[in-house]
Every structure is written in structure tokens, then in C-alpha cells.
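First the structure, in the form of C-alpha cells, and then the observations on it.
What follows draws every value from the coordinates through simple rules; no lab data is involved. Computed from a predicted model, the values in this text were never measured in an experiment.
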Amino acid sequence: MKRVNNSIYLLFLNGILFLFLLFNQSCNYVEKRHEQRKTSAIQGIVVEKYMDKWNHGSPTLKLNTGSIIGVGSWAKNSYLWDHIEIGDSISKPSGTTDLTLFKKNGEYFLYTFNE
């Protein structure tokens with residue numbers, strides 16, 4: 001009887017350890033992704049605007065450079081998605097998470113990344 005209790009105890013501890021490792025990995029993923037987003041540079045003219053059904057319906061832009069950019073986090077709590085039109089330019093320098101939208105008529109708008 002005591003042996004069964006020890007097995008259950010070990011199984012419980014292994015489950016807790018697994019959950020801790022899973023949580024730790026997900027936190028590291030978010031940090032790495034944010035750092036990658038900050039260090040990358042984006043620049044180009046919007047040639048296509050669509051909701052990516054394969055990425056949970058995320059707002060996505062295709063640029064003239066061939067880059068495909070998910071802009072959901074910039075669009076959250078802003079009018080970015082409504083403002084962007086085919087032919088507009090976007091720019092995000094390396095080292096920042098601010099995205100600038102340059103309209104064809106000369107106007108520009110700055111959008112801050114929202115995690």
C-alpha cells in the first residue's frame with residue numbers, strides 16, 4: 001500500500017515539474033519574440049492587405065520587398081488596420097517597436113506596439 005502512495009507522489013511531482021518547465025518555456029518564447037520584433041527592421045510599400053486565416057485571422061500585410069508582416073499587435077487598440085491602404089508605405093527601424101505609416105497623400109501616423 002505504501003508503494004502505491006509513493007508512485008502517486010512521484011507522478012504528482014513529475015506533473016508539477018512538467019507544468020513549471022512548460023510555463024518557463026512559454027515565458028522565454030514571449031521574451032525572445034519581443035526581442036526579435038524589436039531588433040528587426042521593416043520597410044516597404046503595401047501591395048496586399050488581408051486577414052491571414054492560417055494565423056488565427058491575424059491582420060497581415062505583404063510588402064513590395066516580398067516580406068509578409070503580421071500587424072495585429074500594432075493594430076490592437078488603434079486605427080492602423082483601417083488607415084492602411086494598398087500603396088501606403090510602412091517603416092519600423094531596428095531597435096524600436098514603433099511602426100510608422102506613410103500615406104500616399106503625405107500624411108503619416110506613428111503606432112506603438114501593444115503586446
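When a/c is below 1.5 the answer is rounded, else prolate if a/b is larger than b/c, else oblate, so apply that to region 41-112 with a ≥ b ≥ c taken from the square roots of the Cα gyration tensor eigenvalues.
Rounded, because the longest to shortest axis ratio a/c is under 1.5.
Residues whose amide H lies under 5 Å from that of G44, counting only those 5 or more places away or on a different chain, are I90; hydrogens are built 1.01 Å from N in the peptide plane.
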